[in-house]
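Computed from the coordinates by the stated procedures, all read-outs in this text should not be read as laboratory data. What you see is a predicted model; the values in this text were computed from it and never measured. Counting neighbours? That spans all protein chains shown, and the Cβs are built from the backbone with ideal geometry, glycine included.
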Amino acid sequence: MLKLNKTTEYGLMALRHMSRKRLGDSSSVTSAREIADQYHLPFEITAKTLLRLKNFGLIQAEQGARGGYSIIRSLEDITLFEFLEMMEGPQTIVSCAPLEKKYLENKSTTSDEVCGYFCGCEIKGLMSNLNARVQKFLSSIKLAELAESPGERIQLAKPMEALASNVTQI
């Protein structure tokens, strides 16, 4: 199902690390080397991931001998869905889900662009519905929740149960 790529995982780890570090010292910066060493990550990929986070406006770079990166956008303002789209592009369960509505509304997308089986597909409506529900669920999770550390708790159990019950209703 949904599988995060390594860049996304490293990005989440970096944001969590910087968020925790900022709690202790609001003026602190973090280097790519620090994150790579702390979590045993490849330095080159970590550095590229931080550059990507910078380009998306989530963190800023500070030059100089004591330079590094710091968070500039509140993790409370960023949903997991938004972050996944930044890091990995459009998020869908099946490739036709985002195009089905466009195709049905104005026919500006041909059925072949959507899927070779689009016209005869029996589950495209179900998949579109499921896609919308998964997007809604991922949009309900703030990155700040993933950065929290009180007892390492992340309260995803109830939303996951809700998602599971919604899926069975499809």
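Tabulated results
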{"quantity": "Least to most buried among ASP37, ASP25 (fewest other Cβ within 10 Å first)", "calculated": "ASP25, ASP37"}
{"quantity": "Residues LYS21, LYS136, sorted so that the one with the fewest Cβ neighbours within 10 Å comes first", "calculated": "LYS136, LYS21"}
{"quantity": "Label zone at SER31 (point 7 Å along Cα-to-Cβ), backbone N below 19 Å, segment 48-91", "calculated": "48-52, 54, 60-71"}
{"quantity": "Extension reserve of the HIS17-LEU2 stretch, reckoned as 0.36 nm per residue once the Cα distance is removed", "calculated": "3.0 nm"}
{"quantity": "Shape call, segment 6-71: gyration tensor on alpha carbons, a/c limit 1.5", "calculated": "rounded"}
{"quantity": "Flagged links, alpha-carbon separation over 20 Å, of LYS3/LYS54; LYS48/LYS142; LYS3/LYS136", "calculated": "LYS3/LYS54; LYS48/LYS142"}
